[in-house]
Amino acid sequence: MEFQKIGFIGCGNMGSALATTIQKNDRSIYLSNRTPAKAEALASKIGAQVQSNMEIATDCDLIFLGIKPQMMGDLLQEISSTLNARSTPAVLVTMAAGLTMQTIQMLAQGNAPIIRIMPNTPVAIGKGMILYCTQNVSQKATDEFCSLLSGAGRLDELPESLIDAGSAISGCGPAFVYLFLEALADGGVACGLPRAKAQAYAAQTLIGSAELVLQGEQHPGTLKDAVCSPAGTTIQGVRELERNGFRSAAMEAVIAAYDKTCALAKKE
Ligand SMILES: NC(=O)c1ccc[n+]([C@@H]2O[C@H](COP(=O)([O-])OP(=O)(O)OC[C@H]3O[C@@H](n4cnc5c(N)ncnc54)[C@H](OP(=O)(O)O)[C@@H]3O)[C@@H](O)[C@H]2O)c1
């Protein structure tokens, strides 16, 4: 077993969701956070221990850096000499949007093994999509890492050059999907449905439709055709979506998010 002691520096939305998932494996979990109360609350909820950033950098085998990209420089400056003094290097896990593994290594002033992940918010309920790539990490350690995170949802390895593109769908996508879900429910409310029912129908329809795509062999276009009877009702709705540029809007949303990530990365 490569990872006995697992540390989380930064217990915000994503750090705490991942710590909660990993805690279900039989490992020791250590938490630190700039505002200690947040780490203390999470520690008592999941049965972990609170430590300082430096203690985690000294002792943990796998260290999740759950902080915002703009805070990464200061944090790695604080812990890099501790990390570099270790006889067995810790594997660092970065989830910072737009920061490459090379940038993390440069900020850490060493040659640390790195796993870069791009999770999304549904990891909190085990239905997430986690994209990942690695540098200087053995296959055995990578496999163990994937197994530790398997309770968070699907994992998929990508070349680092495609992580930002993937993230524009799966990392940003929940926001796009919620807009669509809310709009479907609004349409139902406009037709007289109570809000709660309209929202539940919309959400369950998104889940079921997405599951059909993931589980089956059929192209989404074929699945769409199966709902559209000739001269029926659904094709009239499809006509309205097309008239209002729905597909183009969805494509442009992904491309705009990708472009913004690239622009932020250039600024670093
Ligand atoms: N949320 C998403 O959907 C999502 C998706 C993919 C990737 N990510 C990535 O995940 C990372 C975390 O995002 P988030 O949404 O979880 O942010 P967040 O909720 O703001 O959490 C960041 C946490 O880091 C703590 N922190 C900041 N500086 C610290 C330091 N020097 N030492 C220890 N703790 C420190 C903050 O403490 P305080 O309590 O004092 O503020 C806060 O609790 C980001 O890099 C983001 O790009 C997020």
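The values are calculated or read from the model by the stated rules, or taken from the named source; none is laboratory data. Just so we're clear, the structure is a prediction, and the values are computed from it rather than from any experiment. Using ideal geometry, Cβ is built from the backbone for each residue, glycine included, and neighbour counts are taken over all protein chains shown. Ligands, DNA and RNA are excluded from the accessible area calculation, which covers all protein heavy atoms including side chains. Shrake-Rupley method; radii C 1.70, N 1.55, O 1.52, S 1.80 Å.
Taking 30 Å as the limit for the C-alpha separation, the pairs K24/K140; K68/K224; K45/K68; K140/K266; K45/K197 exceed it in the case of K68/K224; K140/K266; K45/K197.
If I compute solvent accessible area with a 1.4 Å probe over the protein chains, what percent of it on the stretch 173-267 is carbon and sulfur? Don't skip to the answer; put the middle values down first.
Working: 4540 of 7060 Å².
Summing carbon and sulfur atoms, their accessible area is 64 percent of the total for the stretch 173-267.
Under the convention that each Lys and Arg Cβ holds +1 and each Asp and Glu Cβ holds -1, the size of the dipole of the stretch 1-143 around its Cα centre is about 320 debye. Placing +1 on the Cβ of each Lys and Arg and -1 on the Cβ of each Asp and Glu in the chain, which of P69, C228, N25 has its Cα farthest towards the positive end of the resulting dipole? Among P69, C228, N25, the one farthest towards the positive end of the dipole of the chain is C228.
Any idea what the dipole of the stretch 1-53 comes to, in debye rounded to 20, about its Cα centre with Lys/Arg Cβ at +1 and Asp/Glu Cβ at -1? Don't skip to the answer; put the middle values down first.
Values: 6 positive and 3 negative charges, 21 e Å.
It works out to roughly 100 debye.
Using a 1.4 angstrom probe on the protein heavy atoms only, line up Y30, Y201 by accessible area, largest first. Walk me through the numbers on the way to the answer.
Details: Y30 25, Y201 115 Å².
The ordering from most to least exposed comes out as Y201, Y30.
Given L193, G110, T88, which one lies farthest toward the positive end of the charge dipole of the chain, if we put +1 on the Cβ of every Lys and Arg and -1 on the Cβ of every Asp and Glu? Going by the Cα projections, it comes out as L193. Legend: residues D164, D74, sorted from most to least accessible area (1.4 Å probe; ligands, DNA and RNA excluded), read D74, D164. With helices as the sole contributors, the chain gives -17000 deg cm²/dmol at 222 nm; each DSSP H run of n ≥ 4 counts as -39500 (n - 2.57), and the sum is divided by every residue. Peptides 96-108, 183-195 ranked from most to least packed, by the mean per-residue count of other Cβ atoms within 10 Å: 96-108, 183-195. Taking amide H as placed 1.01 Å from N in the peptide plane, the amide H of G7 sits under 5 Å from that of Y30, D61, L62, I63, F64, each at least 5 places away or on another chain. The mean sequence separation of alpha-carbon pairs under 8 Å and at least six residues apart, normalised by the residue count of the stretch 5-167, gives a relative contact order of 20 percent. Label zone of L214 (point 7 Å out along Cα→Cβ, amide N under 19 Å): in the stretch 118-135 this covers 118-132. Can you classify the stretch 173-267 as rounded, prolate or oblate using the Cα gyration tensor, where a ≥ b ≥ c are the square roots of its eigenvalues, rounded means a/c under 1.5, and otherwise it's prolate if a/b beats b/c and oblate if not? Prolate is the answer for the stretch 173-267, as a/c is 1.5 or above and a/b outweighs b/c. Of the residues C262, A41, Q51, the one whose Cα sits farthest toward the positive end of the charge dipole of the chain, with +1 on the Cβ of Lys and Arg and -1 on the Cβ of Asp and Glu, is A41.
For the chain, a simple Cβ point-charge model (Lys and Arg +1, Asp and Glu -1, everything else neutral) yields a dipole of about 480 debye relative to the Cα centre.
Taking a ≥ b ≥ c as the square roots of the eigenvalues of the Cα gyration tensor, the stretch 40-147 is rounded, since a/c falls below 1.5.
For the stretch 90-100, the Karplus equation 6.51 cos²θ - 1.76 cosθ + 1.60, evaluated at θ = phi - 60°, returns couplings of 7, 8, 8, 10, 9, 10, 6, 4, x, 9, 6 Hz by residue, with Gly and Pro reported as x. The residues F8, F246, sorted by heavy-atom accessible surface at 1.4 Å with ligands and nucleic acids left out, run F246, F8 from largest to smallest. Per-residue surface analysis assigns E2 an accessible area of about 80 Å², computed on protein heavy atoms at 1.4 Å probe radius.
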